[in-house]
Amino acid sequence: MEGYDYNELLSVGKVSADALEFSKKVIKPGASLLDAVNRIESFIKDRGCEFSFPTNLSVNEQAAHYTPLFDDKSVFSENSVVKVDLGARRGFYLTDCAITIDLSGEHSKLCEAAVEALDAAISIVKSGVEVCMIGAAIEEVGRKFGLKTIRNLGGHGIEKDELHADVFIPNYNNGDRTKLDEGQVVAIEPFFTEGSAGMVEDGDIVEIFQRHGDSRPRSNISRELLEKIESRYITYPFAARWLYADKDWENEFKVKRALADLVSSEAVESFPVLIEKSNGLVAQAEKELIVERDSCRIVT
Ligand code: CO
């Protein structure tokens with residue numbers, strides 16, 4: 001990519017990879033989700049980075065997009081299967097990566113399958129590889145473990161300032177013969193489930209939002225909130241809890257109402273928690289890569 005500093009991307013990627021390692025220390029049975037997310041996000045901030053998106057801590061049948069609520073009281077249980085999906089950002093250099101932490105140790109097959117599928121996919125990534133072949137490699141590992149891949153989630157291109165750029169990298173052979181190019185930055189993220197559906201659907205919880213389009217709401221309070229969102233998070237996804245934590249606002253309720261108004265007026269997009277349709281346990285592994293001529297370089 002022109003004018004793109006790959007070394008800067010690699011340095012941000014290191015922060016994300018270290019944050020995933022750090023998350024293993026704070027995600028334990030009985031630990032609070034809110035405390036864990038605060039510690040992981042502080043770890044990233046302390047290293048001079050912002051966020052590509054709020055840190056996701058999705059548990060069990062939640063595949064993605066759960067980030068703790070402002071007043072989240074939940075704790076990890078002995079049996080939680082936790083997907084930590086995070087991304088440090090510096091300027092417009094975005095990273096995205098994930099691991100699954102199996103607190104009981106009883107779902108090692110599910111978690112190993114995700115890691116093995118990611119490795120299998122990485123081993124074939126090079127300039128000219130067709131995305132359906134990456135999907136086929138992932139699906140093959142799932143078959144070996146007797147697990148379904150999640151078909152409506154997948155990897156993606158990452159560009160300057162754009163977390164989900166053009167290319168979609170399927171988790172199964174979908175017949176898409178789009179080729180990856182040298183220098184392209186992509187994230188590959190196999191998801192497997194023990195469930196029978198192999199699909200995710202929107203759940204009821206919504207804690208992740210993003211400025212969208214250019215419409216402006218009528219009410220003053222909503223407009224004031226929108227200005228705050230634009231100045232702080234630009235067009236990057238943000239967590240509702242980041243806003244509620246703001247002392248400038250009188251109360252959480254007021255922000256909640258303004259945020260709901262921004263969503264209904266389509267000034268802000270919302271990202272509900274994604275749940276496996278048959279409520280099966282889900283594991284994920286994700287890394288960001290730079291496609292090279294004969295292989296790839298791991299960013300995270
Ligand atoms: Co991703």
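Assorted remarks:
- Most mobile of 178, 193, 55 in a GNM of the chain (Cα contacts under 10 Å): 178
- Here the relative contact order of the chain, from alpha carbon pairs under 8 Å that lie six or more residues apart, stands at 24 percent.
- Residues listed by number, the range 124-153, amide nitrogen under 15 Å from residue 109 label point at 7 Å toward C-beta: 141-149
- Candidate lysines for bridging to residue 109, where Cα separation is under 17 Å - those fewer than 8 sequence places away on the same chain excluded: 83, 144, 148
- With the convex hull of the Cα atoms taken as the outline of the range 207-273, the averaged projected area works out to 4.0 nm².
- Over the range 1-90, the hull volume per residue, using the convex hull of the C-alpha atoms, is 97 Å³.
- Most to least packed among 89-95, 63-69, 220-226 [average Cβ atoms within 10 Å]: 63-69, 89-95, 220-226
- Helical runs (DSSP H, four residues minimum) scored at -39500 (n - 2.57) apiece and divided by the length of the chain put the mean residue ellipticity at 222 nm at -10500 deg cm²/dmol.
- Positive-end ranking of 157, 142, 122 along the dipole of the range 118-168, with charges on Cβ about the Cα centre, is headed by 142.
- Span from the the range 158-218 Cα centroid across to the the range 17-76 one, whole angstrom: 20
- Expressed as a whole percent, the proportion of Cα-Cα pairs in the chain lying more than 23 Å apart is 55%.
- With a Förster radius of 45 Å applied to the C-beta separation of residue 266 and residue 145, the computed FRET efficiency comes to 0.60.
- Estimated FRET transfer efficiency when R0 is 51 angstrom, pair residue 181-residue 35 (beta carbons, to 0.05): 0.75
- Convex hull projection area averaged over all views, the range 100-177, Cα basis, nm²: 6.0
- Across the range 168-181, computed HN-Hα scalar couplings (Karplus, 6.51 cos²θ - 1.76 cosθ + 1.60, θ = phi - 60°) run 10, 10, x, 9, 7, 6, 9, x, 7, 9, 4, 9, 7, 10 Hz from first to last residue, x flagging Gly and Pro.
- About its Cα centre, the dipole of the chain is roughly 340 debye, where the only charges are +1 on Lys and Arg Cβ and -1 on Asp and Glu Cβ.
Every number in this text was worked out from the coordinates using simple rules, so none of it is lab data. Everything numeric here is computed off the predicted structure, so don't read it as measured data. Because the Cβ atoms are built from the backbone with ideal geometry, glycine has one as well, and the counts that use them run over all protein chains shown.
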